[in-house]
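Asker: My structure is below; once you've seen it, I'll send some questions.
The values are calculated or read from the model by the stated rules, or taken from the named source; none is laboratory data. Model, not experiment: these values are computed from the prediction. Positions of Cβ are generated from backbone atoms using ideal geometry, with glycine treated the same way; all protein chains shown enter the neighbour counts. Please note that ligands, DNA and RNA were not included when accessible areas were found on the heavy atoms of the full protein model with its side chains. Shrake-Rupley method; radii C 1.70, N 1.55, O 1.52, S 1.80 Å.
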Amino acid sequence: MIKAFGIRFRLHPLFTLMMVLSIATGFFVELLILFSIVLIHELGHVAAAKSFGWTVTKVELLPFGGVAETEELGRSTVKEDIAVALAGPLQNGWMVLVGFALHHWGIWSTEWSVYFIEANIMIGLFNLLPVLPLDGGKVLQALLSRWMPYYRAIQASTWTSIAMSGLLLIMALWQITNGGVALNLLIIAGFLLVSNWYGLRGASYQFVRFLTNRGMRMTPLIDKGTLAQPIVIAPHRSLSDIVQLFMREKYHIVYILGAGGGVSAVLPEQRLLEAYFNSPRPGSPVSDIFMLK
């Protein structure tokens with residue numbers, strides 16, 4: 001593990017395995033170039049995150065990119081998430097131009113230029129696939145969170161990632177059974193599938209982080225004035241049901257219906273969040289928790 005700029009950089013075991021295999025097969029120089037490309041790709045993410053004031057604590061490098069660990073989970077904006085996610089593939093874009101330039105000036109041979117350019121194109125495009133934790137998966141989750149409740153956006157993006165990972169795994173197995181060589185794709189697809197399966201199990205943690213940081217995110221909107229997004233709910237629904245309808249960049253006023261279709265209570269979202277975190281039974285009907293008739 002290397003620490004630079006206050007950030008810990010760590011090679012994922014997959015990258016370490018590829019390094020050992022490259023030494024054994026005589027492709028160590030090619031791996032060093034791949035490592036440099038992945039590192040610059042991740043530094044693009046780090047630079048973009050730092051520009052928004054994010055705290056980046058660790059970056060884990062993988063053969064196809066990396067995973068940056070930040071403290072902004074649930075507190076960043078949609079635009080920030082998209083900008084940080086796309087900052088990585090943008091690095092691959094300018095590196096492709098560098099590869100063409102170095103070949104044009106005769107500094108690199110055709111063989112090395114082609115390898116460098118193709119590696120950048122492959123890593124850049126692969127990272128744009130709508131699969132978490134790839135950059136395209138992060139963009140997909142951010143976009144979904146603009147159009148649907150955050151809880152549903154997490155679920156939808158994670159299940160999409162599982163389906164896409166499974167498809168990549170099937171493609172790799174199909175190539176192998178037909179005499180092709182797809183060992184790298186098989187390993188990466190397997191990693192993505194397992195990663196997203198654990199991500200699905202950890203979705204509740206991500207959602208709780210979102211709710212915990214909700215007050216900090218909403219305070220600036222309230223201070224400058226914002227249009228509220230109403231939520232209409234039946235009294236038998238639970239606090240858990242209500243907070244799962246919260247949207248990422250909308251402030252909510254919750255209308256609880258009473259008998260005959262009338263409104264029995266109007267609650268700002270702060271009241272619901274306080275009750276959710278303080279109530280010993282957040283799964284109870286909201287009418288019981290707020291003693292509504």
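Asker: Ordering MET164, MET171, MET122, MET218 from largest to smallest accessible area (1.4 angstrom probe), what's the sequence? Walk me through the intermediate numbers first.
Answerer: Working: MET164 55, MET171 85, MET122 115, MET218 5 Å².
Correct descending sequence by accessible area is MET122, MET171, MET164, MET218.
Asker: Moving on. Per residue, how much accessible surface does the stretch 197-270 expose to a 1.4 Å probe? Answer in Å², no decimals. List each step's numbers first, then the result.
Answerer: Working: 3900 Å² over 74 residues.
Using a 1.4 Å probe on heavy atoms only, each residue of the stretch 197-270 averages 53 Å².
Asker: Then there's this: Can you give me the % of accessible surface on the chain that is carbon or sulfur? Probe 1.4 Å, all protein chains present, nothing else counted.
Answerer: Details: 10150 of 15360 Å².
So the carbon and sulfur contribution to the accessible surface is 66 percent.
Asker: Place the peptides 209-216, 250-257 in order of packing, highest mean first, counting for every residue the other Cβ atoms within 10 Å and averaging per peptide.
Answerer: On the way: 209-216: 16.2, 250-257: 18.4.
With the highest mean Cβ count within 10 Å placed first, the list reads 250-257, 209-216.
Asker: Rank ILE242, ILE176, ILE33 by mean-square fluctuation in a GNM of the chain with C-alpha springs under 10 angstrom and give only the top-ranked residue.
Answerer: In the Gaussian network model the winner is ILE176.
Asker: Rolling a 1.4 angstrom probe over the protein heavy atoms, how many square angstrom per residue are accessible across the stretch 90-164?
Answerer: Numbers: 3850 Å² over 75 residues.
I get 51 Å² per residue for this part.
Asker: Identify which of the listed values of percent of Cα pairs over 26 Å apart was calculated from the structure shown: (1) 45; (2) 54; (3) 62.
Answerer: Evaluating percent of Cα pairs over 26 Å apart on these atoms matches (2).
Asker: Could you point to the residue in SER165, VAL254, ALA119 farthest towards the positive end of the chain's charge dipole, with +1 and -1 charges on the Cβ of Lys/Arg and Asp/Glu respectively?
Answerer: Selected residue: VAL254.
Asker: With +1 on each Lys and Arg Cβ and -1 on each Asp and Glu Cβ, and nothing else charged, work out how big the dipole of the chain is about its Cα centre, in Debye to the nearest 20. Can you show the working numbers first?
Answerer: Details: 21 positive and 17 negative charges, 184 e Å.
Magnitude of the dipole: close to 880 debye.
Asker: Also: Rg/Rh for the stretch 80-229 to two decimals, with Rh computed the Kirkwood way over all alpha-carbon pairs. Numbers along the way, then the final one.
Answerer: Details: Rg = 20.0 Å, Rh = 18.0 Å.
Ratio of gyration radius to Kirkwood radius for the stretch 80-229: 1.11.
Asker: Tell me, what HN-Hα J-couplings in whole Hz come from the Karplus equation 6.51 cos²θ - 1.76 cosθ + 1.60 at θ = phi - 60° for each residue of the stretch 235-245, using x for Gly and Pro?
Answerer: Here the 3J(HN,Hα) series is x, 7, 6, 8, 4, 4, 4, 5, 5, 6, 9 Hz.
Asker: Largest first, what is the accessible-area ranking of LYS79, LYS58 with a 1.4 Å probe? Before the final figure, lay out the partial values.
Answerer: On the way: LYS79 155, LYS58 50 Å².
These residues rank, largest area first, as LYS79, LYS58.
Asker: At what distance in nm do the modelled label points of ILE176 and LEU125 sit from each other, each positioned 7 Å from its Cα along Cα→Cβ?
Answerer: Roughly 2.4 nm, to one decimal.
Asker: With a cut-off of 8 Å between alpha carbons and a minimum separation of six or more residues, what is the relative contact order of the chain in percent? List each step's numbers first, then the result.
Answerer: Numbers: 402 pairs, mean separation 37.1, N = 293.
Averaging sequence separation for qualifying contacts and normalising by length gives 13 percent for the chain.
Asker: Rank these residues by their accessible area, most exposed first, probe 1.4 Å: THR219, THR158, THR57.
Answerer: Values: THR219 70, THR158 5, THR57 35 Å².
From most exposed to least exposed: THR219, THR57, THR158.
Asker: For the chain: lysine pairs with Cα atoms under 21 Å, gap of 8 or more or different chains, count?
Answerer: Lysine pairs, 8 or more places apart or on different chains, close enough: 11.
Asker: Any idea which of ILE176, ALA189, VAL59 is furthest toward the positive side of the dipole for the chain, if Lys and Arg beta-carbons carry +1 and Asp and Glu beta-carbons -1?
Answerer: VAL59
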